[in-house]
Amino acid sequence: MATKPKKIETPVVAVLNMKGGVGKTTISAHVFRHLYSHLKKRVLLVDFDPQFNLTQAIMPQLSYEKHKAAGRTILSVMEDSSAPSIFKVNSNLGPPPGLDSVAVRLRHFKNNSPDLLLVPGDFDMVKYSMIGDGKILEPVKARFLQFIENSRADRDLICIDCNPSSSFMTICALQAATHVVVPVRPDRYSILGLKMLNRFISEVPQITKKPELIVLLNGIKPSGYDPAVENALRSDPEFGPITLAKSLKISKVLEATVGYTGFATDKEGQAWRVTPNISAIVDELGVALGLT
Ligand SMILES: Nc1ncnc2c1ncn2[C@@H]1O[C@H](COP(=O)(O)OP(=O)(O)OP(=O)(O)O)[C@@H](O)[C@H]1O
Ligand SMILES: [Mg+2]
């Protein structure tokens, strides 16, 4: 059984890039899931994007509907179920719920520990990108931060799959995070997204404890790959040293499809195509996060 040495503070990792479609959800699902099975860590995945692609990728729709009806989604972390409507915020919030009442257990080893939990996403979170007055949302943020802090006691790692916009939710995730894993595709625009995120983190006054950035290249072609952009990134004095040596390759097994719900490393007959690559990334990430 993998128990957490008491001294190690549980890392809270926001998977974030201002650029959309760079692989935040793919990495949250398939790389962070593997931290649970390969490194035997108690991982909590938090779907923090109103599009809730992470939940859709790994949880069958019928299960999701059941959990949503029972209030087991991220929305119950932000506000309690007495929230008046999807356009209003509850102004009288109590303490956050316990992890047990909102998280869904996806996997566990024989003796139940370590296990893999998910706080499912919720489209209703979209209201937080439509409310302009930040003051109204302060208690919601405080409740979320308290939930993450409380959950650290029970987990070895918390991974927050973020949405791509610079919104209230981004600030919540960055204030909770000890680390930010930034997926970057080997193209100019994803690298610009990395630079924007870095500026955002250093200039936004609410983020007093700056999380540590870790860059993970995603979408490396198996053949005919032009490494020019990767080489520029790796030789950059600021970003080169924080870029993981291992990159996530493009693979059909990682592609989100309607035909498969679940984790790539569980995919029967095909997992072998991606598992060695993901294991190598997880080994490196485990060291970078102080988990091994
Ligand atoms: N390494 C990969 N191999 C194959 N397909 C990939 C890989 N990484 C990402 N994809 C595909 O690219 C698309 C975008 O990836 P993903 O949804 O993970 O990005 P995202 O950053 O979470 O997007 P968003 O900004 O919308 O949240 C998806 O269809 C996904 O399946
Ligand atoms: Mg996503």
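The values are calculated or read from the model by the stated rules, or taken from the named source; none is laboratory data. Here the structure is a predicted model, which is why all the values come from computation and not from measurement. In this analysis, Cβ positions are derived from the backbone assuming ideal geometry, glycine residues included, and neighbour counts consider all displayed protein chains. Ligands, DNA and RNA are excluded from the accessible area calculation, which covers all protein heavy atoms including side chains. Shrake-Rupley method; radii C 1.70, N 1.55, O 1.52, S 1.80 Å.
Observations on the structure shown:
- Taken over region 256-270, the criterion of being surrounded by 15 or more Cβ atoms within 10 Å (Cβ to Cβ), more than 16 Å from ligand 2 (Cβ to nearest atom) and small (Gly, Ala, Ser) is satisfied by Gly262 alone.
- Selection over region 225-255 of residues that are open to solvent by less than 70 Å² (accessible area, probe 1.4 Å), under 16 Å from Arg185 (Cβ atoms) and out of contact with any Phe, Trp or Tyr (no Cβ under 9 Å at 6 or more places or on another chain) gives a count of 14.
- From the list Gly240, Gly290, Gly259, Gly286, the lone residue that is closer than 26 Å to Gln61 by Cβ and of a type outside the set (Val, Ile, Thr) is Gly259.
- Within region 21-108, helices (runs of 4 or more DSSP H) holding 1 or more residues that are out of contact with any helix residue (DSSP H, G or I) (no Cβ under 8 Å at 6 or more places or on another chain): 32-39, 61-69, 99-102
- Residues being assigned to a loop (DSSP other than H, G, I, E, B) and modelled with pLDDT of 95 or more - total across region 1-20: 3
- Cβ-Cβ distances below 7 Å connect the following pairs, each with a first residue in region 218-240 that is without any contact (Cβ under 8 Å) to a residue 40 or more places away in the chain, a second residue that is in a loop (DSSP other than H, G, I, E, B), and a separation of six or more residues or different chains: Ile220/Pro186; Ile220/Ser247; Ile220/Ile250; Lys221/Ile250; Pro222/Ile250.
- Qualifying residues in region 109-153 (those that are in a loop (DSSP other than H, G, I, E, B), within 15 Å of Tyr36 (Cβ to Cβ) and in contact with an Asp or Glu (Cβ under 8 Å, 6 or more places away or on another chain)) - the one most open to solvent (accessible area, probe 1.4 Å): Phe109
- Thr178 passes every criterion in (1) open to solvent by 70 Å² or more (accessible area, probe 1.4 Å); (2) among the β-branched types (Val, Ile, Thr); (3) closer than 14 Å to Val15 by Cβ apart from (1).
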